[in-house]
Every structure is written in C-alpha cells, then in structure tokens.
Amino acid sequence: MTSRIQPVDPLRPEPERLNAAADLLRRAALVAFPTETFYALGADATDAAAVDRVFAAKGRPQGMPLPVIVGDRDEVARVVSRLPEGAAALMDVFWPGPLTLVLPRAGAVPLITTGGLETVAARVPSHPVARALIEASGRHIAAPSANRSGWPSPTRAEHVRDDLDGRIELILDGGPTPVGVESTVLDMTTEPPMLLRPGGVTLEDLKDCLGEVDVFGGDHEEAAGRSPGLRYRHYAPRAQVLIVEAGTGERVVVPWLEAGRPVALMTQRPVSLERPGLQVKIMPGDLVAYARELFAALRELDSTGVEGIFVEAVTQEGLGLTIMDRLRRAAS
Ligand code: TXA
Ligand code: MG
C-alpha cells in the first residue's frame, strides 16, 4: 500500500476532500494533515484500535502519550474532567494556537491514548485544515507529529511521505506549515503550572497571563514521568548535530573537513568559507522565520549525507529558547 496524497487548499479546504478524509478517520484509518505547527498524524482519539495503529506507524513506544486536538472550548469539556484555575484564561488568550494544556482526563479518552496517564494533553489548533477535519469528522483527534519516532518533525507533506508512506491511508497536503515549532506543553495539574516543552507560545507569554510558572528543567527521570516525550531524543537527524558558539562555525568545521568528513554548517551570518565537503546553510536572523525553517533545514542537510551538522547557537530569549531546546535534543 502506498499512502494517498491529496492536495487541499490550506486556507479554504475543499469540503468534499475534507469529508472524504473525515470518513476515513471515522473508520479507524490514519490521516496526516497540516496544523499551524507541524503535520499531525491523526486518528480517532477515542478508538483504541486506531490509536494503537498510530503507535505502530510512528514506531512510538507504548506509554508515550498522544496529544488530542479539539475544535473549541466546549469540546475540551468532553475530554477533560475538570479545568484547573488559570486554564480558562489561557484558552481565552492562546486558543486557537500552539499551546497544549495537560489537564485531568475524562473517561471518553482511553488510557492507550494518554499512555496510561490520568491526564490528557489538549489544544485547539488554528490551521483551517485541522479545524475543518475536526468539524467534519465530529471526533476528538489524536494528533502527534507525523514523523517516525526519533526523526525530525515534518513541516511538509513530503516529509510525512518520506517517514510514513505505506503506513497510513492518507496525507492531506496543505503546503508548508506556518510555525514550524511544536506547541508549548504546559502542565496545568500542578501548582504553579509547569512548562514541560517550550514551543510556539513563549514562557514570557505564559507568565504574563498566569503570573508564576515553573519550568521543567531538572532531572531527566522526573521529566520522563511528567511528559514521557521528553525522555527521547526526539528531533534528531541521522547526522551528528553539534551546537557551537555563534561566530565559531568556520573554525570548528575545518578539522572534520581535513579528516575527509563531509559536514554542514548552519549559521545566521554570511559565511565566505568554501571547501569541498562543506555545505553552508544560512538561517534567517528573524527567529520566527528561523523556527519555521529549522526542521526542513535539518532534513535537507541530513539528506545530503553529511556526517556532522554544526549549528551556531542562537539567542536564548523568546523563541530562541525554544529553538535552542530543539537543537539540544537533536544534538543529544
Ligand atoms: O504542535 C504540536 O503539538 C504537534 C502538532 C502536530 O499538533 N504535535 C506534537 O505531538 O508535537 P507529539 O506527540 O510529537 O508531542 C506531544 C508531546 C510529547 O512530548 C508528549 O510526551 C506530551 O506532549 N504529552 C502528551 N500527552 C501528555 C500528558 N498527558 N502529560 C504530559 N505530557 C503529555
Ligand atoms: Mg513529535
């Protein structure tokens, strides 16, 4: 079986195409589609058999919970049992959008979806294709990123095809995704709430809304308990990724090149060094654009067969924090 790829208009998705995709979802099939952050691998979140196939298709270890996307606040009330203080305010400000809230699970969501946890990670996406699919299917949709476990998250339909062809029924191709970093994951079941995964909504944004926010930073084991996704080297290409200080790129690649090892350099500066075996990728100075292009750039460089990808560090403020978090995971 090869997966069917169906182009859709990202702004005004064609109803008949969406209805066909929604039918598939209702019949326990797997459908990949664009969200504003990444392509998602969608399945009916309440159907244990469909969810089981998501784990198989991604090669994702059981016990690693899947996030769930819903159409609006009313629908959230059907997947969570209670709204902790502060949650409603966050929804007002950041939904629809790239903020995933970990909330107490309602019985409608089976434990296989939540990896056995009594919480569910939910968000309302803003991408018109994701929204239309939720509406047409009438289902809550499990929506992890549509990549093989351990590979970079997909910002284009071709990335999904590269990873999952033959393992899923349909890929809705709505073009490149607009944000290109995952949603921020915030655990609302602790007091104060705890940032588990930096993402499109920044820590500063959350603090403006909530006051106090803890940042998960400590011990690896604790992270694994709270958000099993943090346990894995999630965003890694096959080449070794090495983070280096800004401005040092030309220097650090030389020993590799002299040893005959092809490498890539990702930097925000113009670079004049030209050497056989060296690929230079100039990334945008603007962090929003940088974030959007990051994963496609890693995939592109990786596909050239380089042994190492040297990435110059970006600033640690705002979205820079999110970008550095992704880079560190890719490098670990
Ligand atoms: O932006 C996004 O959220 C994308 C797009 C496709 O919607 N999805 C995504 O899914 O990034 P995934 O499965 O790659 O990452 C979901 C993260 C994982 O780190 C997972 O451990 C965490 O959310 N998560 C899911 N359910 C959780 C729960 N009940 N408690 C704590 N963390 C949870
Ligand atoms: Mg993922």
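Would you work out if segment 1-139 is rounded, prolate or oblate? Take a ≥ b ≥ c from the square roots of the eigenvalues of the alpha-carbon gyration tensor; rounded if a/c is under 1.5, else prolate when a/b is larger than b/c, oblate otherwise. Cα axes put segment 1-139 in the oblate bin.
Put a dot 7 Å past the Cα of Val254, heading toward its Cβ, do the same for Glu158, and the two dots end up 3.5 nm apart.
Once the chain from Ala49 to Leu111 is taken as fully extended at 0.36 nm per residue, the excess over their C-alpha distance is 21.1 nm. Summed over the residues of the chain and divided among them, the accessible surface reaches 41 Å² per residue at a probe radius of 1.4 Å. Here the chain exposes an accessible surface that is 49 percent carbon and sulfur, computed with a 1.4 Å probe and the other protein chains kept in place. Modelled spin-label separation between Leu11 and Lys281, with each label point placed 7 Å from Cα along the Cα-to-Cβ direction: 2.9 nm. Estimated at 0.36 nm per residue, the fully extended path between Glu85 and Glu307 surpasses their Cα-Cα distance by 75.1 nm. Legend: residues Asp286, Asp9, Asp325, sorted from most to least accessible area (1.4 Å probe; ligands, DNA and RNA excluded), read Asp286, Asp9, Asp325. Amide H contacts of Val280: Leu265, each under 5 Å away and 5 or more positions distant or on a separate chain (H built 1.01 Å from N in the peptide plane; Pro and chain starts excluded). Backbone phi angles across segment 160-171, fed through the Karplus curve with coefficients 6.51, -1.76 and 1.60 (θ = phi - 60°), yield HN-Hα couplings of 5, 4, 4, 8, 10, 4, x, 9, 9, 7, 8, 10 Hz in residue order; Gly and Pro are listed as x. For the pair Thr315 and Asp74 in one chain, pulling the backbone fully straight at 0.36 nm per residue adds 82.9 nm over the alpha carbon distance.
The values are calculated or read from the model by the stated rules, or taken from the named source; none is laboratory data. These numbers were taken from a predicted model, which means no experiment stands behind them. Neighbour counts are summed over all protein chains in view; Cβ atoms, including those assigned to glycine, are modelled from backbone coordinates with ideal geometry. Only protein heavy atoms, including side chains, enter the accessible area calculation; ligands, DNA and RNA are left aside. Shrake-Rupley method; radii C 1.70, N 1.55, O 1.52, S 1.80 Å.
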